[in-house]
Amino acid sequence: MNHNLFALFQTRFPCDLDRHFLETPEGRTFSYRALEHQSACLQRVLKEQGVAPGDRVVVQVEKSPLALVLYLACLRCGAVYVPLNIAYTPSEVAYFLADASPRVLVIRSEAMDDLASVVAEAGVAHILTLDADDTGSLAILAGAVAPDHSVAVRDRRDLAAILYTSGTTGRSKGALLTHDNLASNALALHRVWGFGPEDILIHALPVFHVHGLFVATHCVLLNGSGMFFLSRFDAQAIIDLFPRATVLMGVPTFYARLLQHPHLTAAQCAHMRLFIAGSAPLLPETFKAFEQRTGHRILERYGMTETGMITSNPLHGERVPGTVGFPLPGVEVRVCDRDGRRVIDTVGVLEVRGPNVFDGYWRMPDKTASELRPDGFFITGDLATIDTDGRVAIIGRAKDLIISGGYNIYPKEVESEIDRIAGVDESAVIGLQHADLGEAVTAVVALQPGADLDEAGLLGRLQGKLARFKQPKKVIFVDTLPRNTMGKVQKNELRTRFARSYFEASLGIP
Ligand code: MLC
Ligand code: AMP
């Protein structure tokens, strides 16, 4: 049997291949027939560039229909798809290219100059371009070849994708995701969320992370139905689509922003079946306000890059704000202490096992060994409780991680850049509560005596070094950082001391 995920999707294509796979708000449509044809053409192009099963294809492009089909073409030919956030700077991209050593790199035309030296240094064999309007050298080549409708035979454990996720040491790790990881998770979600023939998804997430690329897109493909494909989050556009759609998936920031919009009403949401949130904690206040305004109880689920989705609140049954529900079918969870001993009725680190759990980190056997227990459980680094009914609540993080608008930022990476700036003695980067982003990246900095550095100067020095979303929204200068007797910086104390830093901004007070 062929375990290629694309082959599974093909079995779910609608009988009427002219049915829309996606439609943009501008009225551009893309049918299942076009998906089949274009992915076959892109497969041919990839093969002509020498891509063989197992070869990496790194892609850093805007969200567009062809960008999504490129992912499917990689699956189809057995290549390993490696998407990168377009916010990453050339110096960040250099790391990924050196680590992934791709056969082909696909980037925006406008990025060619900026990335030229990085690409040359990494020795990437082939560079193609793809732009937001689906033009570029990749599209030109695809228009000139004969489609290759084959589907590479893949085993369950063959790699489908590598998704980079930042590490606590500041070095990104490539999570190895197999065809079976993705297929098992997609099938579970499609089932528990009750997708049916009438469903139409609103897709407004980026397609370089698990949420937009896998969770949202795979549900649609397994359903053989359609989606509205927005290039980015746009509250007005999304609200306008509610009467023609049934499901929205978003990070909590989506819901916080929708609630700010005067056109969000129960009447406007009447046609919608399901609102799903994840990637960061959904505040109970947001859950309640959304129910009051629309009558819909947002379904919160929980997952990770390394594991796909782990738990979900029920479709039928009580959705409890502040909890993330129950393990998905086939997925086991337990809460353990630091030594991996199971604890009951108390907070511990959540561990997960199942067909969804990744195959390790790319070229990092030590990291893989330290984050996976010998019995196959993966240590999530999230602090959780499991009640007697098996319902999971995420109540904090054992790992030093900030989640801002659904993007992960590892403080260590930001601190390393700040500490390199002349005049900085030391820094601590923390996440502070922010009504829009959930958490806002904040740098607390102690300067060397006599240093002449202000907030603007410091932030200016980070330009080009770190993607914009990782850069601090605020810099707070202190004389010294608080430390415990072991010399460890007390981030909790800083979080408490500066907790209200974004309070006025959160209320919209300039
Ligand atoms: C953009 N900016 C951010 C930001 N997004 N800053 C902090 N955090 C973010 N998340 C900055 C930009 O750099 C820019 O800064 C300014 O905000 C405006 O940029 P924008 O592109 O116009 O932003 P906007 O459209 O408002 O985007 C916000 C957002 C977006 C929340 C809609 O970030 C988003 O789509 N987030 C979803 C992320 C996601 O898919 N996460 C899933 C990960 S998977 P400046 O200074 O240049 O103006 C995962 C597993 C799981 O976690 O469980 O799902
Ligand atoms: P990523 O590495 O981008 O896949 O992010 C995964 C992390 O996002 C998890 O380890 C959690 O910390 C967080 N996360 C995802 N969904 C939720 C949720 N519903 N509630 C709380 N945290 C979440």
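The values are calculated or read from the model by the stated rules, or taken from the named source; none is laboratory data. As the structure is a computational prediction, the values presented were derived from the model and not from experiment. When we count neighbours, we look across all protein chains shown, and the Cβ atoms used for this are built from the backbone with ideal geometry, even at glycine. Note: areas computed on protein heavy atoms with side chains; ligands, DNA, RNA excluded. Shrake-Rupley method; radii C 1.70, N 1.55, O 1.52, S 1.80 Å.
Side notes on the structure shown:
- From the list Ala280, Ala216, Ala235, Ala270, the lone residue that is open to solvent by 10 Å² or more (accessible area, probe 1.4 Å) and either in contact with a His (Cβ under 7 Å, 6 or more places away or on another chain) or modelled with pLDDT under 95 (or both) is Ala235.
- Segment 84-110 residues that are closer than 15 Å to Lys470 by Cα, paired with ones that are acidic (Asp, Glu) (beta carbon under 8 Å, 6 or more apart): Ile86/Glu62; Pro90/Asp114
- First in segment 301-320 and under 19 Å from Asn356 (Cβ atoms), second anywhere and within 9 Å of ligand 2 (Cβ to nearest atom) and not in a strand (DSSP E or B), Cβ under 6 Å, 6 or more apart: Arg301/Gly278; Tyr302/Val324; Thr305/Val210; Thr311/Val324
- Within segment 278-308, considering residues that are within 15 Å of ligand 2 (Cβ to nearest atom) and among the small types (Gly, Ala, Ser), the one farthest from Ile395 (Cα to Cα): Gly308
- Qualifying residues in segment 195-225 (those that are in a loop (DSSP other than H, G, I, E, B) and under 13 Å from the mean Cα position of the chain (by Cα)) - the one nearest to ligand 2 (Cβ to nearest atom): His209
- Looking only at residues of segment 293-336 that are within 20 Å of Gly250 (Cβ to Cβ) and among the basic types (Lys, Arg), we find that the one that is least open to solvent (accessible area, probe 1.4 Å) is Arg301.
- Residues that are away from ligand 1 (no atom under 13 Å from the Cβ) and open to solvent by 30 Å² or more (accessible area, probe 1.4 Å), drawn from segment 408-438: Lys412, Glu413, Ser416, Glu417, Asp419, Arg420, Ala422, Asp425, Glu426, Gln433
- Residues in segment 443-476 that are part of a strand (DSSP E or B) and buried (at least 16 other Cβ atoms within 10 Å of the Cβ): Ala443, Val444, Val445, Leu447, Lys474, Val475, Ile476.
- Of everything in segment 168-194 that is open to solvent by 10 Å² or more (accessible area, probe 1.4 Å) and in a loop (DSSP other than H, G, I, E, B), the residue that is nearest to Gln236 (Cα to Cα) is Gly194.
- From the list Glu300, Glu291, Glu332, Glu285, the lone residue that is within 16 Å of ligand 1 (Cβ to nearest atom) and charged (D, E, K, R) is Glu300.
- When segment 317-353 is filtered for residues that are out of contact with any Gly (no Cβ under 9 Å at 6 or more places or on another chain), outside the structural domain of Gly303 (by TED's automatic domain parsing) and among the hydrophobic types (A, V, I, L, M, F, W, C), the ones remaining, listed by number, are Val343, Ile344, Val352.
- Sub-7 Å Cβ pairs linking a first residue in segment 250-273 that is in contact (Cβ under 8 Å) with a residue 24 or more places away in the chain to a second residue that is aromatic (Phe, Trp, Tyr) and open to solvent by 30 Å² or more (accessible area, probe 1.4 Å), at least 6 apart or interchain, are Phe254/Phe233, ordered by first then second residue.
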